[in-house]
Amino acid sequence: MGTKTHYDVIIIGGGVVGTAILRALSRLQLKIALLEKQVEIGWGTTKANSGIVHAGFHSTPGTWKAKLCVRGNAMFEQLSDELDVPFWQNGLMMVARTKEEEETLRHYYQQGLENKVTGMEMLDAEATHRLEPNLAPEISLALRAPSGGVVAPFELAMAQAENATANGAQVQTGLRVEDISHTGDEFVITTDDGNTWTSTYLVNSAGLFADEIAKICGLEIEPIIPRKGEEYLFDQSVSDLITHTIFPVPTPKSKGILVIPTAEGNLMIGPTALELPYKDDVTTTAEGLDEIFSFTQKLVPRLNRRDIIASFAGVRAGSPTGDFIFDSSHSGKAIHLRGIESPGLTAAPAIAEHVLKMLAKAGLPQKEKPDFNPRRPKVIRFKELSDAEKEQVIRENPLYAHVVCRCETITEGEIVDAIQRGARTVDGVKFRTRAGMGRCQGGFCTPHIVRILARELGVTPLEITKRGNDSQLLVAEAKEFLKGGKLHD
Amino acid sequence: MTKTRQTDVAIIGGGPAGLAAAIAARKAGAKHVTILERSHELGGILQQCIHNGFGLHRFQEELTGPEYAYRFIPEVQKDPGIELYLNTMVLDLSSQQEITAIHPDFGLVKLQARATVLAMGCRERTRGALSIPGTRPAGVFTAGTAQRFVNIDGYMPGKKVVILGSGDIGLIMARRFTLEGAKVEAVVEIMPYPAGLARNIAQCLEDFDIPLYLSSTVTTIHGKDRVEGVTISQVDDKWQPIPGTGRYISCDTLLLSVGLIPENELSQAANIPLDAKTGGAIVDENRETLIPGIFACGNVLHVHDLVDYVSEEAEIAGEAATRYALSKADADAKANERDKGRKAQQVVIKPGENVRYVLPQRLTPGAEADLFLRVTQPMEAITLYLDGVMLARKRQVRPSEMLKIRLRPNHWENLRQNRGDLDGKEISLTAALQPTQPTRLEPETVRGARP
Ligand SMILES: Cc1cc2nc3c(=O)[nH]c(=O)nc-3n(C[C@H](O)[C@H](O)[C@H](O)COP(=O)(O)OP(=O)(O)OC[C@H]3O[C@@H](n4cnc5c(N)ncnc54)[C@H](O)[C@@H]3O)c2cc1C
Ligand SMILES: Cc1cc2nc3c(=O)[nH]c(=O)nc-3n(C[C@H](O)[C@H](O)[C@H](O)COP(=O)(O)OP(=O)(O)OC[C@H]3O[C@@H](n4cnc5c(N)ncnc54)[C@H](O)[C@@H]3O)c2cc1C
C-alpha cells in the first residue's frame, strides 16, 4: 500500500477543509493524496456543527476569518451546484431585545459593511415579525443578511472528496498519521498501519489535532483550545416555525445560541460553547440541553422540548489567537492550518484557494488538467423526484421501489449507491442518505441497512459497525450464547 | 406512466387490521378490494412476534403472532375479489382517495378508490429517549429493532441488557434475551407503575427474576464505540432525576421500549384531522375519519395492546367502507350532501376527568357502539359517566389496559332526557374514582429484585 508512489502533495485530515483543498488541487496536473484516520471522510468537527454558511458580519474586519468567510460565502452557490450538495440561502437574522442590544446590532451592521457583506438590512419590529411571525414579541430590531445560508456539511466534505477522486486524487481512510520526517526533498509520513508515504508538499488540515501534527514538524506553537458545542434537532413537523437562521447578539466567547433551519429541513438549536481539556468529548449533557432550550425559547417561544428527536456535540478547534492561523514550515513546503473554528465551514473553499496560493509561492507547479470535471454526478434523492422521474428510476433499477427508511422515504437504491460511493458503516449510510435521521431515528431501518451493507460489502452482519472501530451492532448469532448449555456467565 | 386503476375498497397495510378489513369488505358485498402492503408478505408486525399470547379473546386459544396471522391470510389469498399488491409502498393519498404507490415491477402505481381503509400500523417511539445525555455509541436499539434482529435475522444485538421503558415489546424482549442466554440487568420505568400488561410483567420479568425499577430513568449513556454502561436515577413527581440517586449499571446494550406511535404520514397527506391524544385519526362509530370515505383501524388509529381488538375494529371499518363505496356508486353529488348532513349530526365525545382518550371520538346519536378508552393512572375502582349518565363500573384499571364499554339504547334515552336534541353536541366521558396512592418504589423494594 502506498509505499511505492511518490506524491506531489499529501493532505492530512479529511474534514471539510482538507477535502476542499484536495478538490482544489485536483484541478492541477499533480499526484495528490489525502490521509484520514477515521473510517470515513468528514467525521471530525465537520460532522457535528451548525451547518451555517455565515454572511461575514460577525468577524472583526481585517482578520482572516472576515476575509475568507465573505469570500467563501460568495463561492457557495456555484460549489453546491457543481457538487450537488443541499444548500439553502435562507438568510440570517441577528435580533435585539433591548436598547443596549440594538446598539450592538448597529455595530455589527457597520462591521458587515466594512467586511463587504452584501444585501444587509436593518428591520424594525414590525418588518421582523412579518418575516418571522414566531419570533418573540419583545424583539425590537433585527439585522438581516440575505447572503447567509445553510449547507449539509458532511455531504459537502464527502462530495468534495468524491469529485476530487473522480479527478484522479487518492483518498485513504482509516489511516492515522503518526510520524513525519523530512529527508532530502521529501516528506516521509508514517501511518498507524506501519506504512510510509512520501510527498514533496504537505498540508496539515488535521483540525483539532493540527497542533500535534505541527509539533511533529518541529513548530513551536500554542496548543489548540478545544471548545465543545452541543446541538439539538427537532422533528420535521415543527420546521415551519422559522425560516431565517436566528442569532442573538453575540457574547465575547461565541456567536451565542441559535435557532437554525438546517439544509435537511429540521430545525436545530445550539450550540453551547464550553472549553474543555479534551478533544474527543462529544457527550451531550442535561445542563447543555437546559441552557440551550431556555435560551432559544426566549427567541422562539413556541419551541417545545418534546419535539426534540436527536442531539449531538462537536468540538471546535479553538484558536489561541482568535483568528485562523496559517503557519508554514520546511521553506513553505508544509502548511499547517490551525484554529479553523467557526466560520471554518463557510470559509473552507476560500481557505483552499488561499492554501493553493501559499503552495504556489513555495514552488508547486500550477499546470491545469485539461479534462478536470468540476461536477459530481447528481445523486438520486428519490423523495424529491417527480412522479415521472420516480417511474423512470424504478424502471432502470427496481431497488428504488423498496423504501428502507420510512420516515425520510429513502430507498434501497439510494443506500446501495451510497455504499458504492464509499459508505462502509451504518452512520456512513445515514449521513450520505439521511436514512435513519428521521423521527424514528433508525428504529425501523437499522436491521435493513445492516443487511444491505453486509450484502454489498460481502461480509457477515456481525462485521457491520455503526461508525468503525469497535462499534459493532450485533454481537453473536442467535443461540450462540446457549452453546455449552449454560445460561449467562 | 401507468394508467389509474379503480377499486371499490382500497386497504393500505396488510397487517392484522388490513387482513380483517379486506375479508369484512368482501362479506359486505364489495366486488373489488385491493390490499397494498409494502412488505414482501402479509401479517404486519405479527410476523416478528414469535411468542404466544395472541387470539385469546377471538379464538380462545393462545397463538403465536404468525399463527394468528395465518387464521386470515389464506382466506385473503384465495379470494379472487381481493387484489393483492405486495412490495408496494404507498407514498401518497389525496383526500379524493387517489393513491400513489411504488412497486419494483410496476413502477409508479395510481389507484382511485371509492372507499379507503387506513391500516398502516404504528412505529416505535424514540423521541426524547435519544436525547439522553452522554455519548452515542452503538448498542442503543428500540425493542422492536432488537426483536427483528433476533427473531427474523437471527442475530443477537447484545449480551448484557438494560431496558428503558416497561412497554409490552420491551417486556417480551426481556424474556427473549434471557432465553437466548443474554443477561437482562434491569427494566427501568419513569412512571410509578408499569406501562405493559400485567400478564407480561408476571410472565416476562417476575418469572425470570428481572428487576423492574419504577419512578426511575436512564440519565446517562456511557461508552465510546459500544455501550459500556448506563446510569439510572430515581425521578421526582415531575419526572426530574433526583440528584444523588444515580447508580451505574454495566451493560453493552440499551433497549428502548417507550411507546408506540401511529404511523400517520399518509393520513396527514390526505388532510385527515388527527386526535392529539391517540395520535390517530378522529373517527366515528364506523371508524370513518372526518374525510368521508376514508376509514382507519388497528394501530394506525390508536395503539392496541391486543390484536383481537384490532381484528374486531378492522371488521367494523371494512364493512362500513364497503357500504360507503356501494352507496357512492349511485350518485356522487347526492352522496356528498348526505356525508355533510351525517357528519354535522354526530355528537363529539371528549375525554373528561381521569380519561386519557376515548375512541370513537364521534357518534351518530343512537348508535349502539363499543367505546374504547384508556385511563390516565391506575385506579382501584371507577364509575364511568357519559355526560352524567352512568355507563359502567370497573375495578383495578390501569392505563396499559384498554377498557371497552357498550353504549346501549337506554344510555341514549337517558342522554336525551338530560340534553334534549343531541345533534352536533359535545359530551364528555369521565371516570369518577378512588385512586390508589401511587407509591414510589425504592429499588430495594422493587418487585422481583434479587437479594
Ligand atoms: C458546534 C459547532 C458549530 C459550528 N458551526 C459552524 C457554522 O455554523 N458555520 C461554520 O462556518 N463553521 C461552524 N463551525 C466550525 C466548523 O465546523 C469547522 O471550522 C470545520 O468543520 C473545520 O473543518 P476541518 O476540516 O478543519 O476539521 P475536521 O472536520 O475536524 O477535520 C480534521 C480531520 O483530520 C483528521 N485527523 C486528525 N488527526 C489526524 C491524523 N493524525 N491522521 C489522519 N487524520 C487525522 C480528523 O479525523 C478529521 O476528520 C462549528 C463548529 C462546531 C464545533
Ligand atoms: C412487539 C409486539 C408485540 C405484541 N404482542 C402482542 C401479544 O402478545 N398479544 C396481542 O394480542 N397483541 C400483541 N401486539 C399487538 C398487535 O400485534 C398489534 O396490535 C397488531 O399487529 C396491529 O395490527 P395492524 O394491522 O394495525 O398493524 P401492523 O401489524 O403494524 O401492520 C401494518 C402493516 O401496514 C404496512 N404499511 C404501513 N405503511 C404502509 C404504506 N405506506 N404502504 C404500504 N404498506 C404499509 C406495514 O408494512 C404492515 O404490514 C404486539 C405488538 C408488537 C409490536
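Scanning segment B:285-301 for residues that are under 24 Å from B:Gly366 (Cα atoms) and open to solvent by less than 10 Å² (accessible area, probe 1.4 Å) yields B:Arg287, B:Glu288, B:Thr289, B:Gly293, B:Ile294, B:Phe295, B:Ala296, B:Cys297, B:Leu301.
Every residue, every condition in (1) within 16 Å of ligand 1 (Cβ to nearest atom); (2) open to solvent by less than 50 Å² (accessible area, probe 1.4 Å); (3) in the same structural domain as B:Met191 (by TED's automatic domain parsing), yes or no:
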position: B:Ile232; (1), (2), (3): no, yes, yes
position: B:Val235; (1), (2), (3): no, yes, yes
position: B:Pro241; (1), (2), (3): no, no, yes
position: B:Gly246; (1), (2), (3): no, yes, yes
position: B:Asp252; (1), (2), (3): no, yes, yes
position: B:Leu266; (1), (2), (3): no, yes, no
position: B:Ala269; (1), (2), (3): no, yes, no
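Any residue at all in segment A:198-210 that's more than 13 Å from ligand 1 (Cβ to nearest atom) and farther than 30 Å from A:Pro370 by Cβ? No, there is no match, as no residue in segment A:198-210 is more than 13 Å from ligand 1 (Cβ to nearest atom) and farther than 30 Å from A:Pro370 by Cβ. Here A:Asn266 does not fit the description of being more than 19 Å from B:Ile221 (Cβ to Cβ) and open to solvent by 40 Å² or more (accessible area, probe 1.4 Å). Does at least one position in segment B:277-285 carry a residue that is more than 28 Å from B:Phe141 (Cα to Cα) and within 10 Å of ligand 2 (Cβ to nearest atom)? Checked segment B:277-285: no residue is more than 28 Å from B:Phe141 (Cα to Cα) and within 10 Å of ligand 2 (Cβ to nearest atom).
Residues in segment A:150-196 that are within 11 Å of ligand 1 (Cβ to nearest atom) and more than 20 Å from the chain's Cα centre (by Cα): A:Val177, A:Glu178, A:Asp179, A:Ile180, A:Ile189, A:Thr190, A:Thr191, A:Asp192. Looking across segment A:373-386, the residues that are among the hydrophobic types (A, V, I, L, M, F, W, C) and either in contact (Cβ under 8 Å) with a residue 60 or more places away in the chain or more than 12 Å from chain B (Cβ to nearest Cβ) (or both) come down to A:Val379, A:Ile380. Taken together, B:Ile35, B:Ile45, B:Ile23 contain a single residue that is within 11 Å of ligand 2 (Cβ to nearest atom), assigned to a helix (DSSP H, G or I) and within 24 Å of the chain's Cα centre (by Cα), which is B:Ile45.
Could we say that A:Ala152 is touching a residue at least 12 places away in the same chain (Cβ under 8 Å), of a type in the set (Gly, Ala, Ser), on the phi < 0 side of the Ramachandran plot and open to solvent by 10 Å² or more (accessible area, probe 1.4 Å) here? No: the conditions fail for A:Ala152. Starting from residues that are near ligand 1 (Cβ under 10 Å from one of its atoms) and of a type in the set (A, V, I, L, M, F, W, C), keep the ones in segment A:310-337 and report whichever is farthest from A:Ile10 (Cα to Cα). Among residues in segment A:310-337 that are near ligand 1 (Cβ under 10 Å from one of its atoms) and of a type in the set (A, V, I, L, M, F, W, C), the one farthest from A:Ile10 (Cα to Cα) is A:Phe312.
All conditions in (1) more than 7 Å from chain A (Cβ to nearest Cβ); (2) surrounded by fewer than 21 Cβ atoms within 10 Å (Cβ to Cβ); (3) modelled with pLDDT of 95 or more hold for B:Val161, with the sole exception of (2). Scanning segment A:187-217 for residues that are open to solvent by 60 Å² or more (accessible area, probe 1.4 Å) and either of a type in the set (Asp, Glu) or touching a strand residue (DSSP E or B) at 6+ places or on another chain (Cβ under 6 Å) (or both) yields A:Asp192, A:Asp193, A:Glu212, A:Ile216. Residues that are more than 7 Å from chain A (Cβ to nearest Cβ), in a strand (DSSP E or B) and either open to solvent by 30 Å² or more (accessible area, probe 1.4 Å) or away from ligand 1 (no atom under 16 Å from the Cβ) (or both) do not occur anywhere in segment B:165-179.
Filter segment A:36-53 down to residues that are among the aliphatic types (A, V, I, L, M) and not in a loop (DSSP other than H, G, I, E, B) and give me whichever is nearest to ligand 1 (Cβ to nearest atom). Only one residue fits best here, namely A:Ile52. When the residues of segment B:97-129 are filtered to those that are within 28 Å of A:Asp235 (Cα to Cα) and open to solvent by 40 Å² or more (accessible area, probe 1.4 Å), the one that is farthest from the other protein chains (Cβ to nearest Cβ) is B:Glu98. Total residues in segment B:383-414 satisfying the condition of being farther than 18 Å from B:Tyr357 by Cα and touching a residue at least 40 places away in the same chain (Cβ under 8 Å): the figure is 3.
Annotation note: Cβ proximity below 9 Å between a residue of segment A:387-410 that is more than 7 Å from chain B (Cβ to nearest Cβ) and free of Cβ contacts under 8 Å to residues at least 12 places away in the same chain and a residue that is part of a strand (DSSP E or B) and acidic (Asp, Glu) (sequence gap 6+ or interchain) occurs for no pair. Exactly one residue among A:Lys357, A:Lys333 is more than 17 Å from A:Glu230 (Cβ to Cβ) and free of Cβ contacts under 8 Å to residues at least 24 places away in the same chain, and that residue is A:Lys357.
Quick grid of which residues meet (1) farther than 14 Å from A:Gly314 by Cβ; (2) at pLDDT 90 or above; (3) not polar (S, T, N, Q):
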{"site": "A:Leu233", "(1), (2), (3)": "no, yes, yes"}
{"site": "A:Ile242", "(1), (2), (3)": "yes, yes, yes"}
{"site": "A:Glu264", "(1), (2), (3)": "yes, no, yes"}
{"site": "A:Leu267", "(1), (2), (3)": "yes, yes, yes"}
{"site": "A:Pro271", "(1), (2), (3)": "no, yes, yes"}
{"site": "A:Glu291", "(1), (2), (3)": "yes, yes, yes"}
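In segment A:230-252 there is at least one residue matching the filter, namely being free of Cβ contacts under 8 Å to residues at least 24 places away in the same chain, outside any helix (DSSP H, G or I) and either within 14 Å of chain B (Cβ to nearest Cβ) or within 24 Å of A:Arg97 (Cα to Cα) (or both).
Okay, residues lined up against (1) under 30 Å from B:Arg199 (Cβ atoms); (2) aromatic (Phe, Trp, Tyr):
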| site | (1), (2) |
| --- | --- |
| B:Ala24 | yes, no |
| B:Leu42 | yes, no |
| B:Cys49 | yes, no |
| B:Phe59 | yes, yes |
| B:Tyr70 | yes, yes |
| B:Asn87 | no, no |
| B:Leu91 | no, no |
| B:Gln96 | no, no |
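Look at (1) within 10 Å of chain A (Cβ to nearest Cβ); (2) open to solvent by 30 Å² or more (accessible area, probe 1.4 Å); (3) not in a loop (DSSP other than H, G, I, E, B) and you find that B:Thr219 fails only one, number (2). For the condition away from ligand 1 (no atom under 16 Å from the Cβ), within 14 Å of another protein chain (Cβ to nearest Cβ) and either under 23 Å from A:Gly413 (Cβ atoms) or at pLDDT 95 or above (or both), B:Gly44 qualifies. Against the test of being at the interface with another protein chain (Cβ under 8 Å from one of its Cβ atoms), buried (at least 22 other Cβ atoms within 10 Å of the Cβ) and over 27 Å from the mean Cα position of the chain (by Cα), the options A:Leu474, A:Leu482, A:Leu462 yield a single qualifying residue, A:Leu474.
Filtering segment B:65-91 down to residues that are near ligand 2 (Cβ under 9 Å from one of its atoms) and not in a loop (DSSP other than H, G, I, E, B), which residue is nearest to the other protein chains (Cβ to nearest Cβ)? Filtering first and then ranking leaves B:Met89. Please verify whether A:Leu276 is crowded, with 19+ Cβ neighbours inside 10 Å and more than 12 Å from every other protein chain (Cβ to nearest Cβ), treating the condition exactly as stated. Spelling it out, it is not the case that A:Leu276 is crowded, with 19+ Cβ neighbours inside 10 Å and more than 12 Å from every other protein chain (Cβ to nearest Cβ).
The values are calculated or read from the model by the stated rules, or taken from the named source; none is laboratory data. Quick caveat, the model's predicted, so the values are computed rather than measured. So basically every Cβ, Gly included, is an ideal-geometry build from the backbone, and we count neighbours across all protein chains shown. Side chains included, ligands, DNA and RNA excluded: accessible areas come from the protein's heavy atoms. Shrake-Rupley method; radii C 1.70, N 1.55, O 1.52, S 1.80 Å.
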